[in-house]
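Asker: Take a look at this one; I'll ask things after.
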Amino acid sequence: MPIVQMYRNTPRLAFGANPSNWGSDSIFAALLTTAYTPAQDTEDFWNDVVANELANGNGYITNGVALASKTLTYTAANSWAVAWAASTAYSVGAIVKPVAGNGFVYRATAAGTSAGSEPTWPTVIGATVVDSGVTWTCVGRGAVVFGAANPSWAAITFSTVRYLVIYNRTPASDATRPLLFLVDFGAAQTITGGTFTFNINSQGIYAIPVP
């Protein structure tokens, strides 16, 4: 399962202190090759990664595709759509609420399969609980969720794509176009003349917990 991570610009965008607007700006998804080495804590703008973009041609157009149907919503913990489930595989980054909401959400910080019965959930931000193979961390009283339609490329051919980067293309230059999210597919992807789609899960592209 792909792992989605933030660049350091993203929290500022979510909470209004970054010159980006998720809803109205031109937010793009682009494909990067295995030559790219992620450095989300130091990279800020499109010019930091563009040298590793998939080459133009074979169904791919330089700079990627624009995201459609973008949403940015806050969801309180007890209204979170995904409740904990027994004997279920969770990947790092998954967010759940307890079956009986307690006002907090929990992010999986170690992947694995949950136990047959629900753990005792901590109610202190930053506290953790081990749930069989999963470690849950109490992360907030709700979350800001970035949503969009699935980006897709038709009739595309490649064998070296490992990453998808989401960035704001509205500013005038590559040196000012903020990097927002990085998707790591875990290994090089291969497709020949088919449709390649990044399927955004039910929790959106990314959820930023709010304490």
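Bear in mind these aren't lab numbers, they're just calculated from the coordinates by the rules spelled out. Since the model is a prediction, treat every value here as computed from it, not as a measurement. For neighbour counting, all protein chains shown are included, and Cβ atoms are generated from backbone atoms with ideal geometry for every residue, glycine included.
Asker: Express the relative contact order of the range 73-145 as a whole percentage, based on alpha carbon pairs under 8 Å and six or more residues apart in sequence. Provide the component values of the computation, followed by the final result.
Answerer: On the way: 178 pairs, mean separation 25.6, N = 73.
The value is 35 percent.
Asker: Let's test the formula: R0 of 30 Å, r as the Cβ-Cβ distance of THR37 and THR120. What FRET efficiency results, to the nearest 0.05? Walk me through the numbers on the way to the answer.
Answerer: On the way: r = 40 Å, r/R0 = 1.34.
For THR37 and THR120, the calculated efficiency is 0.15.
Asker: Would you mind checking which residues have amide H under 5 Å from VAL82's amide H? H placed 1.01 Å from N; only 5 or more apart, or other chain.
Answerer: It is LYS97, by chain and number.
Asker: Provide the net charge surrounding TYR106, with neighbours chosen by a C-beta distance below 13 Å and charges set as Lys +1, Arg +1, Asp -1, Glu -1. Show your work: numbers first, answer last.
Answerer: Details: positive: LYS97, ARG107, ARG141; negative: GLU118, ASP131.
After counting each charged neighbour, the total is +1.
Asker: Checking the a/c ratio against 1.5 first, then a/b against b/c, what shape does the Cα gyration tensor give for the range 141-211? Please list the in-between numbers first.
Answerer: On the way: a/c = 2.21, a/b = 1.42, b/c = 1.56.
Oblate, because a/c is 1.5 or more while a/b does not exceed b/c.
Asker: A further question on this structure: Using a Förster radius of 22 Å, what is the FRET efficiency between ASN201 and ALA66 based on their Cβ-Cβ separation? Nearest 0.05, please. Can you show the working numbers first?
Answerer: Working: r = 20 Å, r/R0 = 0.93.
The formula returns an efficiency of 0.60 here.
Asker: With +1 on each Lys and Arg Cβ and -1 on each Asp and Glu Cβ, how big is the dipole of the chain about its Cα centre, in debye rounded to the nearest 20?
Answerer: My answer is approximately 340 debye.
Asker: Hey, what number do you get for the chain at 222 nm if only DSSP H runs of n ≥ 4 count, each worth -39500 (n - 2.57), divided across all residues, to the nearest 500?
Answerer: Details: 1 runs with 5 residues, N = 211.
Only helices count here, giving -500 deg cm²/dmol.
Asker: Then there is this: When only Cα pairs under 8 Å and 6 or more residues apart are kept, what is the percent relative contact order across the chain? The partial results should precede the final answer.
Answerer: Details: 508 pairs, mean separation 60.0, N = 211.
So the answer I get is 28 percent.
Asker: Ranked by Cβ crowding within 10 angstrom, fewest neighbours first, how are PHE146, PHE181 ordered?
Answerer: Values: PHE146 26, PHE181 20.
Starting with the residue having the fewest Cβ neighbours, the order is PHE181, PHE146.
Asker: From zero up to wherever the largest Cα-Cα distance of the chain sits, split into 5 Å bins and tell me the percent of pairs in each.
Answerer: Calculated over all Cα pairs of the chain, the distribution is 1, 7, 15, 18, 17, 15, 12, 9, 5, 2, 0 percent.
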